[in-house]
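*Asks:* Questions regarding the structure given below will be posed in turn.
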Amino acid sequence: MKLLPHEHARLIEQAIRSAQADGELPVFEIPAIEIRPPKKADQGDYACAVAMQLSKVAGKNPSDIASIILKHLPQADFLSSAEVVKPGFINFRLNDNWLRAQVETIINEGEALFQLEIGKGKRAQVEFVSANPTGPLHIGRSRGAMVGDTIARLLEAAGYTVEREYYFNNAGVQMANLGNSMRIRYLEALGVAVEIPGKDDKTFYHGEYLKDFARNLVTEQGDSLKADDWKPFKEYAEKRMFEIIKTTLKRVNIQHDVFFNENSLYESEAVWETLKKLEDGGNIYSANVRENASDEEREKGKNNAPAKWFRSSTYGDKEDRVVVKSDGSPTYTLPDIAYHINKLERGFDLLVNILGADHIVEHQVVKYGLQALGLDTSPIHVIIIQFVRLIRGGEIDKMSTRSGNIETLDDLIDQTSPDVVRYILLARSADSHLDFDLDLAVKQSNENPVYYIQNAYVRCAGIFREAEARGVSDEGADVSKLGNAELRFLRKALELGDIIELAATQFEPHRIAFYAHELASTFHPIYDEVRALHGDVPLELQKARLRFYRAAQVVLKRVLSLMGMSAPERM
RNA sequence: GCCCCCGUAGCUCAGUGGAUAGAGCGCAGCCCUCCGGAGGCUGAAGCACAGGUUCGAGUCCUGUCGGGGGCACCA
């Protein structure tokens with residue numbers, strides 16, 4: 001299906017070239033031509049402001065330029081008119097018959113509606129969630145989950161072959177803490193007198209889930225692990241936790257293709273090879289404090305054994321970073337650089353990484369590391385997600401996995417629905433903080449935009465149930481009978497391709513969420529106004545309108561599926 | 001102190017350097033003898049402040065003020 005802004009832009013470009021060939025416009029380099037629907041319907045269906053931009057290089061006033069462009073504008077089947085307006089806008093109107101014919105095009109394309117070719121033959125990877133399996137997913141992570149999965153869906157729609165990846169750290173301190181916590185719960189479940197660490201002990205995971213695991217483990221293994229250290233407990237808890245996380249994600253339609261664990265970077269020696277490469281490039285030095293440290297830091301670190309520092313300041317960092325601690329173990333940074341090297345080596349054309357706002361600095365350091373190794377970081381795109389605050393009873397509810405007082409994604413789904421959770425977490429720009437008002441999401445779920453959007457689809461489904469009961473079919477319908485109301489919806493429907501393109505290339509999945517709402521709010525008045533099966537409507541018109549609702553249903557379903565939401569047949 | 005994000009309607013947020021800045025919730029009214037009410041229509045109400053760039057700024061730049069987050073030999 002055509003992307004109309006590109007089609008219009010091509011016409012204008014041809015017109016400018018033609019005018020230049022005729023000497024009506026001077027020769028200049030033609031800029032990227034932006035076409036978009038104007039804010040007001042009476043300004044046409046698409047508009048172009050290029051004449052204003054060209055005023056200086058062309059040495060003419062915008063209106064004259066626009067008129068010249070118009071004079072040279074080639075014919076196009078989708079256009080009915082083009083006109084020059086005040087300062088120099090060129091406003092286009094779509095041809096109504098062409099628009100009506102799009103009903104059939106939409107139905108034919110079906111679930112592949114606006115399947116684009118931007119990423120044709122290219123492979124993309126989206127890494128998201130990537131939470132360590134130390135507890136159930138909480139709302140903070142969930143936002144990245146919805147954003148990441150929706151970006152993946154949009155990239156697929158843009159033509160990419162997409163892999164969803166989950167990176168987790170099963171080598172670090174947190175996982176050892178998990179093992180220790182599990183071990184304590186296991187001993188507790190056995191009836192051994194163990195001291196349960198207090199709430200302020202940040203090395204202990206207080207969640208109820210570990211108690212459950214412990215009871216299961218006692219059932220499975222009895223007291224045979226009584227004398228073991230944390231390791232088998234970590235293995236057990238990790239495995240169980242992942243089952244839970246995967247199950248939770250599946251509830252909201254998310255499935256990763258690859259689970260990549262940090263351990264494998266140690267097993268393959270990639271971590272140490274990365275260190276070696278950095279050392280070979282002269283990027284590493286050994287010292288007890290960083291070079292250029294302040295007196296205060298120097299004093300504080302003077303008794304430290306030497307650590308290995310990455311001279312990231314060479315690449316623009318404000319200070320150097322430790323990559324190997326004085327005890328010889330690497331910080332998170334080193335395996336993370338190794339991981340990104342691994343990603344780049346896997347040959348993806350596009351690497352999208354969804355991170356929480358607390359990872360900005362870390363990611364910068366990784367990037368400096370890759371640059372130090374002379375790698376091209378241009379395929380990597382990082383999407384920083386701002387925090388989610390849970391609002392309950394008008395109060396801000398701070399979330400932390402380790403406090404035990406967590407609001408999990410599962411809880412949230414239980415209290416609302418997978419579709420509601422997906423939509424609310426998606427319908428916000430990643431740059432904005434998101435206040436998730438739990439009371440509102442639960443109490444007012446009947447007035448939720450999610451239902452408003454889905455109801456548009458449900459209404460189509462209802463019409464077809466009724467049509468079937470009455471024996472009315474849309475086979476062989478004559479879409480030329482469709483009226484202005486239906487045309488309004490079709491115009492909006494044809495913007496879907498532009499939204500997919502924009503959202504996929506800019507990694508802004510919230511755009512599809514807002515579009516979905518706009519599309520629904522275009523639909524509902526029409527549904528009120530355009531009766532398909534009413535007794536007063538002639539049969540041929542009934543068929544044509546049914547055909548229209550068939551197309552509307554296709555568009556609505558496509559939009560819902562791009563957001564990973566269901567398209568229910570009934571409410 | 002330094003770094004990142006945000007300041008748009010009473011609240012929560014959209015808005016790609018273009019024309020008269022949009023939605024949801026809330027508020028004030030109105031509409032269902034419909035195949036289909038988790039619906040439709042109308043109204044009140046807004047770009048934090050000050051400079052700058054530009055033919056044109058909510059959008060870009062600088063500063064001020066306000067809110068959130070980050071500044072470990074944690075991950």
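The values are calculated or read from the model by the stated rules, or taken from the named source; none is laboratory data. The shown structure was predicted, so the numbers you read here are calculated from the model rather than taken from an experiment. Note that we place each Cβ from the backbone using ideal geometry, even for glycine, and neighbour counts take in every protein chain shown.
*Asks:* Return yes when A:Lys86 is of a type in the set (Lys, Arg) and more than 16 Å from RNA strand B (Cβ to nearest atom) and no when it is not.
*Replies:* no
*Asks:* Please go through segment A:236-263 and pick out each residue that is free of Cβ contacts under 8 Å to residues at least 40 places away in the same chain and closer than 17 Å to A:Gln174 by Cα.
*Replies:* A:Lys239, A:Arg240
*Asks:* Under 9 Å by Cβ, and 6 or more places apart or on different chains, what pairs join a residue from segment A:492-508 that is free of Cβ contacts under 8 Å to residues at least 24 places away in the same chain with one that is of a type outside the set (Val, Ile, Thr) and surrounded by fewer than 23 Cβ atoms within 10 Å (Cβ to Cβ)?
*Replies:* A:Ile499/A:Arg511; A:Ile499/A:Phe514; A:Ile499/A:Tyr515; A:Leu502/A:Glu508; A:Leu502/A:Arg511
*Asks:* A:Ala19 passes all but one of (1) within 16 Å of RNA strand B (Cβ to nearest atom); (2) free of Cβ contacts under 8 Å to residues at least 60 places away in the same chain; which number fails?
*Replies:* For A:Ala19, the failing item is (1).
*Asks:* Checking the conditions here, which among A:Ala47, A:Ala9 is without any contact (Cβ under 8 Å) to a residue 40 or more places away in the chain and of a type in the set (A, V, I, L, M)?
*Replies:* Only one candidate passes the filter, namely A:Ala9.
*Asks:* If a residue has to be farther than 30 Å from A:Arg153 by Cα, assigned to a helix (DSSP H, G or I) and either near RNA strand B (Cβ under 7 Å from one of its atoms) or among the hydrophobic types (A, V, I, L, M, F, W, C) (or both) to count, how many in segment A:489-548 make the cut?
*Replies:* Qualifying residue count, segment A:489-548: 4.
*Asks:* Can you tell me which of A:Arg100, A:Arg183, A:Arg164, A:Arg141 is farther than 19 Å from A:Glu501 by Cβ and within 15 Å of RNA strand B (Cβ to nearest atom)?
*Replies:* Only one candidate qualifies: A:Arg141.
*Asks:* Just one of (1) more than 25 Å from A:Arg143 (Cα to Cα); (2) acidic (Asp, Glu); (3) modelled with pLDDT under 90 trips up A:Glu466, so point out which.
*Replies:* Every condition holds for A:Glu466 apart from (3).
*Asks:* For segment A:111-121, what are the residues that are surrounded by 14 or more Cβ atoms within 10 Å (Cβ to Cβ) and acidic (Asp, Glu)?
*Replies:* Answer for segment A:111-121, where residues must be surrounded by 14 or more Cβ atoms within 10 Å (Cβ to Cβ) and acidic (Asp, Glu): there is none.
*Asks:* Here is a follow-up. If you go through segment A:247-269, how many residues are out of contact with any His (no Cβ under 8 Å at 6 or more places or on another chain) and part of a helix (DSSP H, G or I)?
*Replies:* Count: 9.
*Asks:* Still on this structure: Output the residues belonging to segment A:326-373 that are surrounded by fewer than 15 Cβ atoms within 10 Å (Cβ to Cβ), free of Cβ contacts under 8 Å to residues at least 24 places away in the same chain and either within 22 Å of the chain's Cα centre (by Cα) or part of a loop (DSSP other than H, G, I, E, B) (or both).
*Replies:* Passing the criteria: A:Asp327, A:Gly328, A:Ser329, A:Asp358, A:Val361.
*Asks:* For A:Ala469, which of the numbered conditions (1) of a type in the set (Gly, Ala, Ser); (2) within 12 Å of RNA strand B (Cβ to nearest atom); (3) closer than 17 Å to A:Ile107 by Cβ; (4) loosely packed, with under 14 Cβ neighbours inside 10 Å fails to hold?
*Replies:* The failed condition is (3).
*Asks:* Filter segment A:549-558 for residues that are buried (at least 21 other Cβ atoms within 10 Å of the Cβ), more than 15 Å from RNA strand B (Cβ to nearest atom) and more than 20 Å from A:Ser473 (Cα to Cα) and give the result.
*Replies:* Hit for segment A:549-558 is A:Arg558, nothing else.
*Asks:* Please go through segment A:270-290 and pick out each residue that is surrounded by 15 or more Cβ atoms within 10 Å (Cβ to Cβ), assigned to a strand (DSSP E or B) and out of contact with any helix residue (DSSP H, G or I) (no Cβ under 6 Å at 6 or more places or on another chain).
*Replies:* A:Tyr285, A:Ala287
*Asks:* Same structure again: Can you name every residue in segment A:294-321 that is closer than 18 Å to A:Val361 by Cβ and in a loop (DSSP other than H, G, I, E, B)?
*Replies:* Passing the criteria: A:Arg311, A:Gly316, A:Asp317, A:Lys318, A:Glu319, A:Asp320.
Rundown of residues vs (1) surrounded by fewer than 19 Cβ atoms within 10 Å (Cβ to Cβ); (2) closer than 30 Å to A:Asp149 by Cβ; (3) under 22 Å from the mean Cα position of the chain (by Cα), yes/no style:
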site: A:Lys202; (1), (2), (3): yes, no, no
site: A:Tyr205; (1), (2), (3): no, yes, no
site: A:Lys226; (1), (2), (3): yes, no, no
site: A:Lys231; (1), (2), (3): yes, no, no
site: A:Lys239; (1), (2), (3): yes, yes, no
site: A:Ile245; (1), (2), (3): no, yes, yes
site: A:Leu249; (1), (2), (3): no, yes, yes
site: A:Val252; (1), (2), (3): no, yes, yes
site: A:Asn263; (1), (2), (3): yes, yes, no
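*Asks:* Checking the conditions here, which among A:Asn95, A:Asn108 is of a type outside the set (D, E, K, R), more than 16 Å from RNA strand B (Cβ to nearest atom), surrounded by fewer than 14 Cβ atoms within 10 Å (Cβ to Cβ) and closer than 30 Å to A:Gly476 by Cβ?
*Replies:* Exactly one of A:Asn95, A:Asn108 is of a type outside the set (D, E, K, R), more than 16 Å from RNA strand B (Cβ to nearest atom), surrounded by fewer than 14 Cβ atoms within 10 Å (Cβ to Cβ) and closer than 30 Å to A:Gly476 by Cβ, namely A:Asn108.
*Asks:* Separate question: Residue check: is A:Asp77 under 30 Å from A:Phe489 (Cα atoms) and surrounded by fewer than 16 Cβ atoms within 10 Å (Cβ to Cβ)?
*Replies:* It is true that A:Asp77 is under 30 Å from A:Phe489 (Cα atoms) and surrounded by fewer than 16 Cβ atoms within 10 Å (Cβ to Cβ).
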